[in-house]
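Peer 1: Take a look at the following structure, please.
The values are calculated or read from the model by the stated rules, or taken from the named source; none is laboratory data. Because the structure is predicted, anything quoted here is derived from the model rather than measured. Using ideal geometry, Cβ is built from the backbone for each residue, glycine included, and neighbour counts are taken over all protein chains shown. What goes into the accessible areas is simple: the full protein's heavy atoms, side chains included, and nothing from ligands, DNA or RNA. Shrake-Rupley method; radii C 1.70, N 1.55, O 1.52, S 1.80 Å.
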Amino acid sequence: MALIVQKYGGTSVGAPDRIRNVARKVAKFRAAGHQVVVVVSAMSGETNRLIALTKEVASNPSPRELDVVVSTGEQVTIGLLCMALEDIGVPAKSYTGAQVKILTDSLHTKARILNIDEAPIRRDLDEGKVVVVAGFQGVDENGNITTLGRGGSDTTGVALAAALKADECQIYTDVDGVYTTDPRIVPEARKLDTITFEEMLEMASLGSKVLQIRSVEFAGKYKVKLRVLSSFEDREGEGTLITVEEDKNMEQPVISGIAFSRDEAKLTVTGVPDKPGIAYQILGPIADANIDVDMIIQNIGHDGCTDFSFTVTRGDLAKALTVLEGVRAHIGARAVESDNTMCKVSIVGVGMRSHPGVASQMFRTLAEEGINIQMISTSEIKISVAIEDKYLELAVRALHKAFGLDAAAA
């Protein structure tokens, strides 16, 4: 008998028949003798609908009240799934994040989990019940409902698996595993049997939508066995297992996958005084505004001035521009320029550590396709480039082929 945490995303519970399908899957695991905790998202489209409602009644909704509204989507799903389970003879009990006491900090809409009281869940499991928990949400020390940000249900699932010391955390989604890249762009993309936490963390941070980045961080930190599976296949297969890197994997293919993000915007502060501390004077106020910065470039100074560029998500562009106008006046820069037609393409693989020439191969491939690189960032196991978003699909296909990731080449 194993303790398994299963997480089902919005498309998996997007309609009553799909909720019944999830109930049947869960029932099979319980019938096999396993204890099962299920974490669910809101039904597909529901969170967007709730956010749209808030904007109809308020131009700038309070983050606290926004969390109160959007957290109800998961509450509907947990109740419906428990009804579906009981309808087929499986005893079940639902919990909101507050009822479990998923304790978070007080940063509304982007809260982080601090602690989980797993005792009530264990009691229900010992009584033979399936426990169904609302993902994406928690409660702060003052009893305020909080939400974990987009994709937060993945984080809830992995955090519960860590707290319960579960044997496995299974993430059910609309794909049957982690692929070398998005099969909708590259039909030849391959499903990976395994991928390291380190590679998955990079893929998630660089735009891969399969798993939310904080869920991978949790899994890696607490050594949670994590598996990505499809909720729409009768025969599930093995999916993709996310593992701790082992020495034998070091000689695997140099590149494991290609990630991309269309959600990029570039900001450039021109005519910046070239002196110590100027980067902090620009990025400090950006950080204070809770805006995440990705790629950063500072040009070589001429005549005591330089240009400073960085990227943010497109949703943060307007706020960042407002912040930078104040910064520009304060530091005496010439102007602030922006470009919201950027995208980011990244290659990821632990094999890059022991294989030179990966960057040159990437740059040569893009050059042969006539694609200009505007910004570059690297780590030990990834190289990211910012390019015009009209070239995204061409870049991904070319790089996928150049690094031998096509199914035919496997």
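Peer 1: Working only within the range 179-211, note down all residues that are in a helix (DSSP H, G or I) and not hydrophobic (A, V, I, L, M, F, W, C).
Peer 2: Let us first name the residues in the range 179-211 that are in a helix (DSSP H, G or I), namely 197-205.
Within the range 179-211, Glu198, Glu199, Glu202, Ser205 qualify.
Peer 1: In addition: Has the range 303-314 got at least one residue that is over 18 Å from Lys344 (Cα atoms), of a type in the set (A, V, I, L, M) and either out of contact with any strand residue (DSSP E or B) (no Cβ under 9 Å at 6 or more places or on another chain) or not in a helix (DSSP H, G or I) (or both)?
Peer 2: No: zero hits.
Peer 1: Looking at (1) among the acidic types (Asp, Glu); (2) crowded, with 19+ Cβ neighbours inside 10 Å; (3) more than 30 Å from Thr194 (Cα to Cα), which is the only condition Asp288 fails?
Peer 2: (2)
Peer 1: Right, next: Suppose we keep only residues that are hydrophobic (A, V, I, L, M, F, W, C) and in a helix (DSSP H, G or I) within the range 15-34. Which one would you say is farthest from Tyr172 (Cα to Cα)?
Peer 2: Result: Ala31.
Peer 1: Further question on the same structure: Which count do you get for residues in the range 293-307 that are of a type outside the set (D, E, K, R) and either within 15 Å of Glu264 (Cβ to Cβ) or at pLDDT 95 or above (or both)? Full working, then the answer.
Peer 2: Restricting attention to the range 293-307, the residues satisfying the condition of being of a type outside the set (D, E, K, R) are 293, 295-302, 304-306.
Keeping just the survivors that are either within 15 Å of Glu264 (Cβ to Cβ) or at pLDDT 95 or above (or both) gives 293, 295-297.
Total satisfying the criteria: 4.
Peer 1: Scanning the range 295-307 for residues that are under 27 Å from the mean Cα position of the chain (by Cα) and open to solvent by less than 60 Å² (accessible area, probe 1.4 Å), which turns out nearest to Ile331 (Cα to Cα)?
Peer 2: Ile297
Peer 1: In the range 223-236, how many are open to solvent by less than 10 Å² (accessible area, probe 1.4 Å) and without any contact (Cβ under 8 Å) to a residue 60 or more places away in the chain?
Peer 2: 3
Peer 1: Among the residues of the range 393-409, which ones are of a type outside the set (D, E, K, R) and either at pLDDT 95 or above or open to solvent by 10 Å² or more (accessible area, probe 1.4 Å) (or both)? Can you show your working first?
Peer 2: From the range 393-409, those of a type outside the set (D, E, K, R) are 394-396, 398-400, 402-405, 407-409; that's our starting set.
Once the filter is applied, which keeps residues that are of a type outside the set (D, E, K, R) and either at pLDDT 95 or above or open to solvent by 10 Å² or more (accessible area, probe 1.4 Å) (or both), the range 393-409 yields Leu394, Ala395, Val396, Ala398, Leu399, His400, Ala402, Phe403, Gly404, Ala407, Ala408, Ala409.
Peer 1: Taking interchain pairs and intrachain pairs at least six residues apart, which have beta carbon atoms under 8 angstrom, with the first residue in the range 83-94 and more than 11 Å from Val36 (Cα to Cα) and the second part of a loop (DSSP other than H, G, I, E, B) and open to solvent by less than 40 Å² (accessible area, probe 1.4 Å)?
Peer 2: Going by the 8 Å Cβ cut-off, the qualifying pairs are Pro91/Gly128.
Peer 1: Same structure again: Just for the range 184-222: of the residues that are in contact (Cβ under 8 Å) with a residue 60 or more places away in the chain and more than 14 Å from Ala259 (Cβ to Cβ), which one is most open to solvent (accessible area, probe 1.4 Å)?
Peer 2: Tyr222
Peer 1: Of the residues Leu81, Leu85, Leu103, which single one is surrounded by 15 or more Cβ atoms within 10 Å (Cβ to Cβ), assigned to a helix (DSSP H, G or I) and within 25 Å of the chain's Cα centre (by Cα)?
Peer 2: Just a single option satisfies the conditions, and that option is Leu81.
Peer 1: To continue, here is another question. Any idea which residue in the range 35-51 is surrounded by the most Cβ atoms within 10 Å (Cβ to Cβ), counting only those that are part of a loop (DSSP other than H, G, I, E, B) and not hydrophobic (A, V, I, L, M, F, W, C)?
Peer 2: For the range 35-51, the residue satisfying everything is Ser41.
Peer 1: Criterion first (touching a residue at least 40 places away in the same chain (Cβ under 8 Å), surrounded by fewer than 23 Cβ atoms within 10 Å (Cβ to Cβ), hydrophobic (A, V, I, L, M, F, W, C) and over 26 Å from Leu164 (Cβ atoms)) does Leu66 satisfy it?
Peer 2: Answer is yes for this residue.
Peer 1: Identify, by number, the condition in (1) more than 22 Å from Thr47 (Cβ to Cβ); (2) open to solvent by less than 50 Å² (accessible area, probe 1.4 Å); (3) of a type outside the set (Ser, Thr, Tyr) that His108 doesn't meet.
Peer 2: Here His108 meets the rest and fails (1).
Peer 1: Additional query: Out of the residues in the range 331-354 that are over 24 Å from the mean Cα position of the chain (by Cα), open to solvent by 50 Å² or more (accessible area, probe 1.4 Å) and at pLDDT 90 or above, which is nearest to Val396 (Cα to Cα)?
Peer 2: Here the residue is Ser338.
Peer 1: While we're here: Taking the range 2-38, which residues are free of Cβ contacts under 8 Å to residues at least 24 places away in the same chain and either over 19 Å from Asp87 (Cβ atoms) or of a type in the set (A, V, I, L, M, F, W, C) (or both)?
Peer 2: Of everything in the range 2-38, those that are free of Cβ contacts under 8 Å to residues at least 24 places away in the same chain and either over 19 Å from Asp87 (Cβ atoms) or of a type in the set (A, V, I, L, M, F, W, C) (or both) turn out to be Ala31, Ala32.
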